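Asks: I have a structure I would like to understand better, so I am pasting it below and will then ask my questions one at a time.
The values are calculated or read from the model by the stated rules, or taken from the named source; none is laboratory data. Remember, predicted model here, so these are calculated numbers, not experimental data. Positions of Cβ are backbone-derived with ideal geometry, glycine not excepted, and every protein chain shown enters the neighbour counts.
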């Protein structure tokens, strides 16, 4: 614990004299710093700081030490006020400012005007890594990129500076590892993972302005996807393999495999359904078009699309598949959600 600030007078020794004084007390009285701290009424850490001359001693503590040990106050000690060093430090700081700027800046608008003059004259031309966007890859159009856009349209989000995907921290933990690898492969940057226990999620984030610009050019939007009624970009809809990959990313994030069980004539029957939910009517329409093009029948509702016929569910997994272990496990083993 360091010395408390006490607004009392200070005993100022010459350089090295304060250390010598405390050492002489220890030696002549055979006392340790702990004993001296008790006499002075301060902590052991404070005595230690005084011994190494980090601070000047308080005059009251010096008098206590001298009184208890019958040692006179050194005649060379000068008594100063509590902030005796402030004037000296202010003069030093002022001389530095004068040397650098030629005057002491006191007017905010003046300093801003001077900064702008400097910026236009030389500042903006200087090489400064602070102003250089962090690097990332701009990958060509591919199945992986189409799938990533599907993931982003499902559980992703973009700000002006960041791209992130948010998943349940337990149910989608393994899928999060897949997304981390996919982002590293596509953009050459490993996303940072942040756990948010309050809402039970993990976020996988890349902070790159260049990446945000790139993804905007590929059809994603900054901000609220629902309010902007995002749809699947045209470049994806033009190729079958891109459509399949994007659909996989969408269903792996905003979709689920529902296991339906019912009792009939004393016997339990189980079958699986695929459900995709979205509040974007445009996105639901695009997903329905892709499914129809793949020969997969589905029922379209206000906020979701459901594949119910078992042959269509089987066809979906045969053609589209899933990279989310949670969906694969539920489809293969029929575990109830």
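Asks: Going through region 48-59 one residue at a time, which ones are under 42 Å from the mean Cα position of the chain (by Cα) and crowded, with 18+ Cβ neighbours inside 10 Å? Don't jump to the end; show me each part of the working.
Replies: If we filter region 48-59 for residues that are under 42 Å from the mean Cα position of the chain (by Cα), which is where we start, we get 48-50, 52-55.
Scanning region 48-59 gives a single hit, 50.
Asks: So residue 303 passes all but one of these: (1) farther than 27 Å from residue 224 by Cα; (2) surrounded by fewer than 20 Cβ atoms within 10 Å (Cβ to Cβ); (3) touching a helix residue (DSSP H, G or I) at 6+ places or on another chain (Cβ under 8 Å). Which condition number does it fail?
Replies: (1)
Asks: Sticking with this one: Being out of contact with any helix residue (DSSP H, G or I) (no Cβ under 8 Å at 6 or more places or on another chain) and in a helix (DSSP H, G or I) is the filter; apply it to region 46-61 and report the residue that is farthest from residue 19 (Cα to Cα).
Replies: Our first condition is that a residue be out of contact with any helix residue (DSSP H, G or I) (no Cβ under 8 Å at 6 or more places or on another chain); within region 46-61, this holds for 49, 54, 58-60.
Within this subset, residues satisfying the condition of being in a helix (DSSP H, G or I) are 49, 59-60.
Details: 49: 10, 59: 15, 60: 18 Å.
The residue in question is 60.
Asks: When region 169-185 is examined, which residues are found to be out of contact with any strand residue (DSSP E or B) (no Cβ under 9 Å at 6 or more places or on another chain), part of a helix (DSSP H, G or I) and surrounded by fewer than 19 Cβ atoms within 10 Å (Cβ to Cβ)?
Replies: 174, 177, 178, 181, 184, 185
Asks: For region 231-256, name all the residues that are over 25 Å from residue 273 (Cβ atoms) and either without any contact (Cβ under 8 Å) to a residue 24 or more places away in the chain or assigned to a loop (DSSP other than H, G, I, E, B) (or both). Walk me through how you get there before you give the answer.
Replies: Quick first cut of region 231-256, residues over 25 Å from residue 273 (Cβ atoms) only: 233-239, 241-242.
Residues satisfying the conditions are 233, 234, 238, 239.
Asks: Ok, one more. Out of 91, 64, 27, 6, I need the residue that is modelled with pLDDT under 75 and part of a helix (DSSP H, G or I). Which one? Before you say what the answer is, go through the steps one by one.
Replies: Details: 64 fails: modelled with pLDDT under 75; 27 fails: modelled with pLDDT under 75; 6 fails: part of a helix (DSSP H, G or I).
Being modelled with pLDDT under 75 and part of a helix (DSSP H, G or I) holds for just one of 91, 64, 27, 6, which is 91.
Asks: Further question: Taking residue 302 and the conditions (1) under 21 Å from residue 221 (Cβ atoms); (2) without any contact (Cβ under 8 Å) to a residue 60 or more places away in the chain, which numbered condition does it fall short on, given that it satisfies the others?
Replies: Just one mismatch for residue 302, condition (1).
Asks: Determine whether residue 189 is in contact (Cβ under 8 Å) with a residue 40 or more places away in the chain, crowded, with 20+ Cβ neighbours inside 10 Å and not in a helix (DSSP H, G or I).
Replies: Working: in contact (Cβ under 8 Å) with a residue 40 or more places away in the chain: yes; crowded, with 20+ Cβ neighbours inside 10 Å: no; not in a helix (DSSP H, G or I): yes.
For residue 189, the condition - in contact (Cβ under 8 Å) with a residue 40 or more places away in the chain, crowded, with 20+ Cβ neighbours inside 10 Å and not in a helix (DSSP H, G or I) - is not met.
Asks: Outside any helix (DSSP H, G or I) and either free of Cβ contacts under 8 Å to residues at least 40 places away in the same chain or not assigned by TED's automatic domain parsing to the domain that holds residue 174 (or both): does that describe residue 275? Don't jump to the end; show me each part of the working.
Replies: Working: outside any helix (DSSP H, G or I): yes; either free of Cβ contacts under 8 Å to residues at least 40 places away in the same chain or not assigned by TED's automatic domain parsing to the domain that holds residue 174 (or both): yes.
The answer is yes for residue 275.
Asks: Just the residues that are touching a helix residue (DSSP H, G or I) at 6+ places or on another chain (Cβ under 9 Å) and over 21 Å from residue 168 (Cβ atoms), please, taken from region 253-279.
Replies: 271
Asks: In addition: Here are some residues: 211, 220, 215. Which one is in a helix (DSSP H, G or I), closer than 18 Å to residue 253 by Cβ and either over 16 Å from the mean Cα position of the chain (by Cα) or at pLDDT 95 or above (or both)? Before the answer, list the steps.
Replies: Details: 211 fails: closer than 18 Å to residue 253 by Cβ; 220 fails: in a helix (DSSP H, G or I).
Step by step, each of 211, 220, 215 is checked, and only 215 is in a helix (DSSP H, G or I), closer than 18 Å to residue 253 by Cβ and either over 16 Å from the mean Cα position of the chain (by Cα) or at pLDDT 95 or above (or both).
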